[in-house]
Amino acid sequence: MIIKLILSILSIIFSLIMIYITQINYKRKILNKVNYLLWISVWIIIIAVSIRPEFIDNYFLTKYETDIFYILSIISIITLVILYYFSLMKINILEKKINSLLRAESLKEILDKLKDK
Amino acid sequence: MYDEVLVTILAYNEEKKISEVLIELTKKFKNILVVDNNSEDSTRKKIKNFPVFLIKHKYNLGKSESMKTALEFAKIKKFKYLAFMDADGQHKTDDLEKICQKIYKNRSEIIIGYRKNLSLLNLKKRIGTIILQKVFSFFYQKKLFDIQSGLRIFKLSIEPKIYWYSSGITHYFADAEITCNAVKNKCDIDQIPIETLSSEEYKGMNIVQGLYLMIMIMYWRFIR
């Protein structure tokens, strides 16, 4: 019981911090309005579930006769892997673009110098 | 003076050795390119005293990307051969000359210099080099002594066969990838012994990077 309570408090604190960070990123225009609303909803849902975990537990147990933690752990792992994959792809594409740009710029510089000579 | 060869030196904070290396190189080679990876010391200042091409990257893009810059420059200036040499003075100009002479004389498309005396390396690096050599021989069915050697020359005409995709500033896989691609795509490859510097002066990989390279050797062989 105490462990469940501690976990709930931790996840609420974590979600509140994330709401704050999301807010900052929105103000800095790193996130657009759709992203902002989406992430805020995610953190609010996490807070709601943390406050009343038995609500979701009861729903799954009565409707699907499955343990919520079992479902959540599978969904979490899949989500993490998918998010990691897309982030990695995005980073690789960006890295490639930046490298090409910087190399092209350096080459242009020396070729212009050689032309002037 | 090897007019058809572009000798490339990839430099990053090499102020201690770069002048020494360039003094020796300019005696024997006409076309020298230094790719500076945004050095924070006086490397660039020192390079400017020599009659060499200097390309400056605005950020440190790592060895692989610098090699690509050199490749693009060599293609634009229509050189026939592209040679690479380390900027830290671990390679001798005489050895570079040897590999140039060899590629001029015979039909090889790529020549790699290998460290003939591994006993000068410390135990960890010696074991690492031997394991990599064995793994490479097993998967590629070819005996090459130093797949990662930074002293090498190749014909620009084989570029599509050996083009490398390694990038990043934390590891130096481009040399190994070029070797693997060359063997996989049946390029005419040769190797000659070169002098080895003591391990204190040699910047190498750590164990994790060595293991990662081993996985990449398999990846380049079977997946790419």
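The values are calculated or read from the model by the stated rules, or taken from the named source; none is laboratory data. Note that the structure is predicted; figures quoted are calculated from it, not measured. Cβ atoms come from the backbone with ideal geometry, glycine included; neighbour counts cover every protein chain shown.
May I ask you to say which residue of B:Val21, B:Val52, B:Val35, B:Val7 is modelled with pLDDT of 90 or more, crowded, with 17+ Cβ neighbours inside 10 Å and within 18 Å of A:Ser100 (Cα to Cα)?
Sole residue among the options that is modelled with pLDDT of 90 or more, crowded, with 17+ Cβ neighbours inside 10 Å and within 18 Å of A:Ser100 (Cα to Cα): B:Val35.
Taking B:Lys98 as meeting all but one of (1) within 14 Å of chain A (Cβ to nearest Cβ); (2) among the charged types (D, E, K, R); (3) part of a helix (DSSP H, G or I), write down the number of the exception.
(1)
For segment B:43-61, does any single residue satisfy the condition of being under 15 Å from the mean Cα position of the chain (by Cα), in contact (Cβ under 8 Å) with a residue 24 or more places away in the chain, more than 14 Å from every other protein chain (Cβ to nearest Cβ) and under 18 Å from B:Glu20 (Cα atoms)? Don't jump to the end; show me each part of the working.
As a first pass, look at segment B:43-61 and keep what is under 15 Å from the mean Cα position of the chain (by Cα): none.
Looking through segment B:43-61, none of the residues is under 15 Å from the mean Cα position of the chain (by Cα), in contact (Cβ under 8 Å) with a residue 24 or more places away in the chain, more than 14 Å from every other protein chain (Cβ to nearest Cβ) and under 18 Å from B:Glu20 (Cα atoms).
Only one of A:Asn35, A:Asn58 is part of a helix (DSSP H, G or I), away from chain B (no Cβ under 14 Å), surrounded by 12 or more Cβ atoms within 10 Å (Cβ to Cβ) and over 21 Å from the mean Cα position of the chain (by Cα); which? Write out each step before concluding.
On the way: A:Asn35 fails: over 21 Å from the mean Cα position of the chain (by Cα).
So the residue among A:Asn35, A:Asn58 that is part of a helix (DSSP H, G or I), away from chain B (no Cβ under 14 Å), surrounded by 12 or more Cβ atoms within 10 Å (Cβ to Cβ) and over 21 Å from the mean Cα position of the chain (by Cα) is A:Asn58.
Residue check, A:Leu88 against (1) modelled with pLDDT of 90 or more; (2) surrounded by 12 or more Cβ atoms within 10 Å (Cβ to Cβ); (3) not β-branched (Val, Ile, Thr), all met but one. Which one?
Only one criterion in (1) modelled with pLDDT of 90 or more; (2) surrounded by 12 or more Cβ atoms within 10 Å (Cβ to Cβ); (3) not β-branched (Val, Ile, Thr) is unmet by A:Leu88, namely (2).
Would you mention how many residues in segment B:119-157 are among the β-branched types (Val, Ile, Thr) and modelled with pLDDT of 95 or more?
Narrowing segment B:119-157 to residues among the β-branched types (Val, Ile, Thr): B:127, B:129-131, B:135, B:147, B:153.
Retained after the next criterion (residues that are modelled with pLDDT of 95 or more): B:153.
Here the count works out to 1.
Among the residues of segment B:74-91, is there at least one that is without any contact (Cβ under 8 Å) to a residue 60 or more places away in the chain, within 14 Å of chain A (Cβ to nearest Cβ) and surrounded by fewer than 22 Cβ atoms within 10 Å (Cβ to Cβ)?
Quick first cut of segment B:74-91, residues without any contact (Cβ under 8 Å) to a residue 60 or more places away in the chain only: B:76, B:78.
So of that shortlist, the ones also within 14 Å of chain A (Cβ to nearest Cβ) come out as B:76, B:78.
Subsequent filtering for residues that are surrounded by fewer than 22 Cβ atoms within 10 Å (Cβ to Cβ) retains B:76, B:78.
Taking every residue of segment B:74-91 in turn, at least one turns out to be without any contact (Cβ under 8 Å) to a residue 60 or more places away in the chain, within 14 Å of chain A (Cβ to nearest Cβ) and surrounded by fewer than 22 Cβ atoms within 10 Å (Cβ to Cβ).
When both residues are 6+ apart or on different chains and their Cβ atoms are under 7 Å apart, which pairs have a first residue that lies in segment A:98-113 and is at the interface with chain B (Cβ under 7 Å from one of its Cβ atoms) and over 18 Å from B:Pro51 (Cα atoms), and a second that is basic (Lys, Arg) and part of a helix (DSSP H, G or I)?
A:Arg103/B:Lys68
Residue-wise test of (1) in a strand (DSSP E or B); (2) more than 18 Å from B:Ile162 (Cα to Cα).
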| position | (1), (2) |
| --- | --- |
| B:Ile55 | yes, yes |
| B:Met67 | no, no |
| B:Asp94 | no, yes |
| B:Lys102 | no, yes |
